[in-house]
1. Going residue by residue through region 584-596, is there one that turns out to be more than 26 Å from the chain's Cα centre (by Cα) and without any contact (Cβ under 8 Å) to a residue 12 or more places away in the chain?
2. Filter region 491-539 for residues that are within 16 Å of the ligand (Cβ to nearest atom) and in a helix (DSSP H, G or I) and give the result.
3. Being within 15 Å of ASP614 (Cβ to Cβ), touching a residue at least 12 places away in the same chain (Cβ under 8 Å) and not in a strand (DSSP E or B) is the filter here, so list the residues in region 717-739 that pass it.
4. Just name the residue that is nearest to GLY769 (Cα to Cα) out of those in region 371-409 that are of a type in the set (Ser, Thr, Tyr) and in a strand (DSSP E or B).
5. Do we find that MET708 is within 16 Å of the ligand (Cβ to nearest atom) and touching an Asp or Glu at 6+ places or on another chain (Cβ under 8 Å) in this structure?
6. If I go through region 517-547 residue by residue, how many of them are touching a Gly at 6+ places or on another chain (Cβ under 6 Å) and either hydroxyl-bearing (Ser, Thr, Tyr) or closer than 19 Å to ASP610 by Cβ (or both)?
7. Being within 16 Å of the ligand (Cβ to nearest atom) and more than 19 Å from GLY736 (Cβ to Cβ) is the filter here; which residues of region 449-474 pass it?
8. In a loop (DSSP other than H, G, I, E, B), at pLDDT 95 or above and closer than 30 Å to ASP457 by Cβ: is that true of PRO796 in this structure?
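The values are calculated or read from the model by the stated rules, or taken from the named source; none is laboratory data. Fair warning: this is a prediction, and the values are worked out from it, not measured in the lab. Glycine also receives a Cβ, built like all others from the backbone with ideal geometry; neighbour counts cover every protein chain displayed.
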Amino acid sequence: MVKYINRYFCCGFRLQSIIITCILFVPLAMAAQPAEEIDNLKAALLQLQATQRFNGIMVQAKNGQILAKQIAGNNFGEQTGNFSVSTPFQVPGFEQPLAALVTLQLVKQRKISRSADCKTFFPEFPYNGITLNHLLTQQSGLPDYTNWYKMHRGPLDTLTLAGLPGLLKTLAPPLLFKPGSQRMHSLTNDLLLILLAEKVTGKSFGILVEEMIFKPWQMKDAVWLAPPVDELNTNFVRSFYWENDRQVMVKPGMDAAMAIPFVYASANDLVQFANRCYNQLSAHTEFEKIITTEPATNETGFWQTQSGKGFSYSGSRNGFDVLLQYEAKTGETLVVQNRSSNPIAVTIANNWLKGNKIHVPATSLIVNVKVADGTGTMLRQAAVRIEGNRILAIGDLHPFEGETVTDGEGNILAPGFIDTHSHLAGYLDDYPEALAALNQGVTTIISGQDGGGDPVDSLEAMITRKPIAINLATYTGHTTLRRQAMGEGSLLRPASDAEISRMQQALKTELQKGSLGLSTGLEYEGAFYSHRNEVLALARTTAAGKGRYMSHIRSEDISMHEAIDEIIELGREAKLPVLISHIKIALKDEWGTANRLIATLQKARAEGIDITADCYPYDFWNSTLRVLFPNKNFTNPAAALFAAEHLFDPEGSVLVRFAPDTTYKGKTIAEIARIRGETPAQTLLYLVAAADKYAKDHPDATGIETIMGKSMTEEDIVPFLSWAHTNICSDGGNGGHPRGYGSFTRVLHRYVHEMKIMSWETAIHKMTGLAAEHTGIKERGFIIPGYFADLVLIDPETVKDNAGINDSRALSDGILKVWVNGTPVYENKQFLGKYPGVFVGR
Ligand SMILES: [Zn+2]
């Protein structure tokens, strides 16, 4: 349940996100841990300290008396001395219980009433019907103001607490729910309570909290720092993050200008706080009521444990992490405070409290590599540290004692490649090692292509039943939806309104389950007869579910311009990102016009339509003979003649599979025509008719015929690959067309190393970060601390695809090592026997 929005806090550009507080009160029945078990936790914290993951203090107490402690803090900079149980750390999110407790005392003193309307105190308050009680119990529906303020503030603006009601008036963010109908923590509630307490007492909240809580509760080290906190006194513990093996101090940053107060408290203070909350506070029954309310809609905020007598609280902000847990039955308290921008100690302590075995994820280090981080920026010499399944750090890093080290020998380390158009999913049950993907550096494949694919549930079940070596994500196929809604034998017509709405319902469910969006294969018969409006209706459902659209467009040859118009119109009307699958020009008459098509797409982009494409690096495709009949007139001699003259090259196109007569397998259409003493057009008609008859005679047969059709030219492929909004895909399966095993390495070898049409950085960006952006895949595609450790080590001198038409499963050269979710899975052309792949939801 622990969700850290910003798992780590390691680089400058993340500074903006530190104001996002994540407060978590973890429901638990504090399982009594035997005394010796605390030693395990202590040992874990020491291990974390030795590996730059913990710098702070842990305290275990009973009835306010400290039983055990572990101090794993070293000092730096201007700060001297060692931590003690009296050292105050920043306690992220602690303003919430303090605001609630002070308010309850003021209610008890009859200075304010819980039923009072907020407008009574703040005339400019723009909402009706929000009472003080709603603020107190986190039921106001007010969103966290910080997100709104960030969007609207000027660079020099400083928000004061007193300015908060005015800010709400100016920005008037809509309520998240009707006041009183739900419960969701919001910093806005806490700060309004603080402001209100100051208003009715005429005292600053710092004085109030000192008088009402800190002093009487013996919280001797606790301090309330009212906003704006510009610069911290050197006596205060500062947080830091690790950069290039050095500690970098965290500045108060944006929080200072956002009216967010800082609370500092020592481990001792927190032990006292936990005890008094339950045992001495006269208003505690009320306080308990507030924290006992079950979380309704999200897991932020604070609430009581399942035992009914205790609470658990953890939070991260500004590089500080805290855990405070108290169980009234046993009088036991556990405090963990950390200042090194890494919540793992809190996570481990939480698990320990639940009675789980302690597991400190191992780290490993990859050194001596040139990192292409997926953004397209220049290669840089760096080391990358992995922790469990994620990237922990990148930079000038040195091994910890006993750490596993991989020497990259100066090669390129890139994020694992993401194949945005893959047909490999169907083979994973038989080939869970996914060599087709791994041998070319692909660590995540996206299935559900061309309108086909399986539901999310079946894919997840498949992985659970039989773990796989790579990650799998999916789109929801339009034709799959049609099959469900219209029936298998009934696809050669437009869908009715009722059928469309059934499809929309099913699509909505799939999106909720983690599908990336909607995919169509409009050129194929199962979807060709759909109207634009049917697709548009489904695209609107997709947009509402925050999904994306990708399409094998309605024609890649004779009616390509109309098909392009259709996808642009769809992006414009449904307002969602659209992607053209395996972009190509397959009409011989239009070869060489790729730049004209790109200009059309750029124009659409300039209009604000988010249109992109993926592309595979081959001049021949792999499909059914039937796609050569754009109007589906499979018996028409004129159509066959047109296909032979304009749509493909019979001399360069090979029949890869042909069940009715296997002797034709591996021959070109021109060769077969010569054997049969026919023209290629006549042969085409014969082949389609024979396959059709075979299908009727063998209703269960699949894959009756496949052609590798040459109908593209490199003259177009180069500009398509180079377009700034094209990412790389394979469109491949497990053999057949060589693209299944060789697409990514072919781009690196042929187009980067040999032809130099783009840089290594750009090509890798198109295989990783750009692919993730085009498909909505999160936390992959870049080498960034906190992201999943999908990685590939590439030798730029030797990388090369070896798969060809006659040897479609030949493994690539130069893919030295591949990691999936932190686990090495492939090295020196060998599968390493591990299956760490997961289903990647949206
Ligand atoms: Zn396709």
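1. yes
2. Listed by number, the residues that qualify are GLU525, GLY526, ALA527, PHE528, VAL535.
3. ILE717, PRO719, PHE720, LEU721, SER722, TRP723, HIS725, CYS729, SER730, ASP731, GLY732, ARG739
4. Once the filter is applied, the top-ranked residue is THR406.
5. Numbers: within 16 Å of the ligand (Cβ to nearest atom): yes; touching an Asp or Glu at 6+ places or on another chain (Cβ under 8 Å): no.
The answer is no for MET708.
6. Summing the residues that are touching a Gly at 6+ places or on another chain (Cβ under 6 Å) and either hydroxyl-bearing (Ser, Thr, Tyr) or closer than 19 Å to ASP610 by Cβ (or both) in region 517-547 gives 5.
7. We begin by selecting, within region 449-474, every residue within 16 Å of the ligand (Cβ to nearest atom); these are 449-453, 474.
Those that are within 16 Å of the ligand (Cβ to nearest atom) and more than 19 Å from GLY736 (Cβ to Cβ): GLY451, THR474.
8. No, not satisfied.
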